[in-house]
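All remarks here apply to the structure that follows.
The values are calculated or read from the model by the stated rules, or taken from the named source; none is laboratory data. Not measured: the values here are computed from a predicted model. Counting neighbours? That spans all protein chains shown, and the Cβs are built from the backbone with ideal geometry, glycine included. Side chains included, ligands, DNA and RNA excluded: accessible areas come from the protein's heavy atoms. Shrake-Rupley method; radii C 1.70, N 1.55, O 1.52, S 1.80 Å.
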Amino acid sequence: MSFSKTDLQILKWGLGALTLSIALAVGLISWSEDYLAQSLKNREAAQRQLTEARAQLLSVQSDQENMSAYALEYNALLEQKVIGSEQRLDWMEGLEKLRQQGKVLDFKYTISPQQSYTPKPPLDAGNFQLSRSIMTLQIDLLHEEQLLHFFSNLNNQINGWFMLDGCSISRTGAANELAPLKAECTGGWFTMKNKSAP
């Protein structure tokens with residue numbers, strides 16, 4: 001089969017349309033592949049956001065369950081002034097009230113500056129910083145039972161959380177003396193402060 005010039009004139013428009021159609025098809029295929037790749041990236045990003053949102057929701061639900069489970073204990077600690085700043089003045093006033101009640105013959109005490117405290121074994125305190133103010137006491141006693149009543153009254157009458165580390169009792173003299181026993185005791189006042197609080 002042979003083509004003449006007139007045949008080529010007729011085919012020229014058809015070949016041009018075919019070439020244009022092929023170019024358009026290649027362009028559309030390339031554009032659709034780019035669009036598909038971008039759509040997949042957007043889908044992955046949306047799935048990541050959904051996973052993060054679900055994790056945050058679970059965390060909030062867990063926190064809410066913890067808050068409802070521990071609300072009574074938390075409120076009791078707030079009322080006892082364990083959560084918040086150190087209550088040194090309240091402790092000193094409470095100790096003076098104990099002195100006036102005459103549960104022991106006399107006592108002296110020192111409260112050291114507050115320090116960060118890490119219990120052994122370590123405890124996860126969450127968003128709270130546990131601190132302790134060490135207190136040492138020298139107590140004059142008639143008999144050992146006075147010491148038990150003293151610390152019972154201290155825990156019941158003074159707001160705060162005092163934990164006794166230990167006491168040593170020694171005889172100061174004869175049984176007919178005014179204060180035959182002396183107790184040397186150490187312990188600490190604990191406070192918890194929210195790390196996020198100003």
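Annotation: extensible slack from Tyr109 through Lys195 equals 28.0 nm (criterion: 0.36 nm per residue apart, minus Cα-Cα distance). When the Gaussian network model of the chain links Cα atoms closer than 10 Å, the mean-square fluctuations of Leu123, Leu154, Leu40 top out at Leu40. Solvent-free Debye calculation, one equal scatterer per alpha-carbon of region 109-198: log10 I(q)/I(0) at 0.18, 0.23 Å⁻¹ equals -0.86, -1.15. Note on the chain: Kirkwood radius taken over Cα pairs, Stokes-Einstein applied at 25 °C and 0.890 mPa s, translational D equal to 102 µm² s⁻¹.
Counting only DSSP H runs of at least 4 residues, each contributing -39500 (n - 2.57), and dividing by the residue count of the chain, the helix-based mean residue ellipticity at 222 nm comes to -19000 deg cm²/dmol. Once the dipole of the chain is set up with Lys and Arg at +1 and Asp and Glu at -1 on Cβ about the Cα centre, which of Ser131, Gly27, Ala55 lies farthest towards its positive end? Positive-most Cα among the choices belongs to Gly27. How much of the accessible area of the chain, in percent, comes from carbon and sulfur atoms when a 1.4 Å probe is used? Heavy-atom surface of the chain belonging to carbon and sulfur, 1.4 Å probe: 58 percent.
Springs join every pair of Cα atoms under 10 Å in this Gaussian network model of the chain, and among Ala25, Ala71, Ala37 the largest mean-square fluctuation is at Ala25. The Cα center of region 29-55 and the Cα center of region 61-89 differ in position by 44 Å. Taking a ≥ b ≥ c as the square roots of the eigenvalues of the Cα gyration tensor, an a/c ratio of 1.5 or more together with a/b no larger than b/c marks region 76-117 as oblate.
Under the criterion of Cα pairs below 8 Å and six or more residues apart, the relative contact order for the chain equals 21 percent. For region 87-175, averaging the sequence separation of C-alpha pairs within contact (under 8 Å, six or more residues apart) and dividing by the residue count gives a relative contact order of 37 percent. A straight Cα-to-Cα reach below 29 Å connects Lys81 with the lysines Lys97, Lys103, Lys108, Lys120, Lys193, Lys195, residues fewer than 8 places away in its own chain not being considered. A simple count of charges around Asn66, restricted to other residues whose Cβ falls under 13 Å of its Cβ and scoring Lys, Arg +1 and Asp, Glu -1, yields -4. How big is the Cα convex hull of region 62-171 in projection, averaged over all directions, in nm²? Dividing the Cα hull surface by four gives the mean projection, 8.4 nm². Charged neighbours of Thr136, selected by a Cβ distance under 11 Å, balance to -1 (K, R count +1; D, E count -1).
Which FRET efficiency, nearest 0.05, do Ser68 and Leu148 yield, Cβ-Cβ r, R0 35 Å? Walk me through the intermediate numbers first.
Numbers: r = 37 Å, r/R0 = 1.07.
About 0.40, to the nearest 0.05.
Counting every pair of alpha carbons in region 1-115, the share spaced more than 16 Å apart comes to 82 percent.
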